[in-house]
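In what follows, a single structure is set out as structure tokens and then discussed.
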Amino acid sequence: MAIGTPTSLGTAISGTTTVSSKVFTTNAAITAGNLVVVAIGWYNSGSSTVAINSVVDSGGTNTYTNAVTIGSGGSTPSAVALYYVKNAAALASGGTITVTWASNVNSQSIMAYQVTGVDTASPLDKTATFAAASGTNPSVSTGTLSQASEIIFGAAGGYNAGTFTESSGFTSLAQNSPNGNLLAFAYDIV
């Protein structure tokens, strides 16, 4: 089966709200068997990045696995994470996805997409991260991929990061910048 184009399950944005969990209501149903990928961006006013404790959807239908999280230090540490669920169980439109952090965070941005045609047993092939200094373009290589046809998801962000333009070949899914905290999400089918 060919890999399909990712379709949005919705977006949740909180500009100045400080919370330890964020409930996001889907605007489309999750189709059983699909890969669901959730991009999450946030910052806090402490001296270190706050970790995510869990990502689950309503009724415990699907529990999401962390693919990668990268954070920065400083006076407003920010972070970006990608979570996924393989071979998802169906979830009706209007279901919820809840992200819970270890403590309060600011300016949360959450985007969820699903895609068909992805390996239902082992969809995660490689992960890579790059922490760019201010004014530097992030760049990362996945290395040699193990399957003939794959989809690559990428996320970028940070506090006062401005805007983001993805590399050629990638298609932007969405960009949000609540209260100056950027989250950009894109994909490429290779």
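The values are calculated or read from the model by the stated rules, or taken from the named source; none is laboratory data. Source: prediction; values computed, not measured. Accessible surface areas use protein heavy atoms only, side chains included; no ligands, DNA or RNA. Shrake-Rupley method; radii C 1.70, N 1.55, O 1.52, S 1.80 Å.
Across the stretch 48-57, coupling constants 3J(HN,Hα) worked out from phi with the 6.51/-1.76/1.60 Karplus curve, θ = phi - 60°, read 9, 5, 7, 7, 8, 7, 6, 9, 9, 10 Hz, and Gly and Pro carry x. Backbone phi angles across the stretch 166-172, fed through the Karplus curve with coefficients 6.51, -1.76 and 1.60 (θ = phi - 60°), yield HN-Hα couplings of 6, 5, 4, x, 8, 10, 5 Hz in residue order; Gly and Pro are listed as x. Starting from the Cα gyration tensor of the stretch 40-118, take the square roots of the eigenvalues, sort them a ≥ b ≥ c, and report rounded, prolate or oblate (rounded when a/c is under 1.5, otherwise prolate if a/b is larger than b/c, else oblate). Cα axes put the stretch 40-118 in the prolate bin.
Exposure check, 1.4 Å probe, all protein chains in place: THR61 carries approximately 60 Å² of accessible surface.
Using only the Cα atoms of the stretch 20-63, each taken as one equal point scatterer with no solvent, compute I(q) by the Debye sum, divide by I(0), and report log10 of the ratio at q = 0.13, 0.15, 0.18 Å⁻¹. Here log10 of I(q) over I(0) equals -0.40, -0.52, -0.70.
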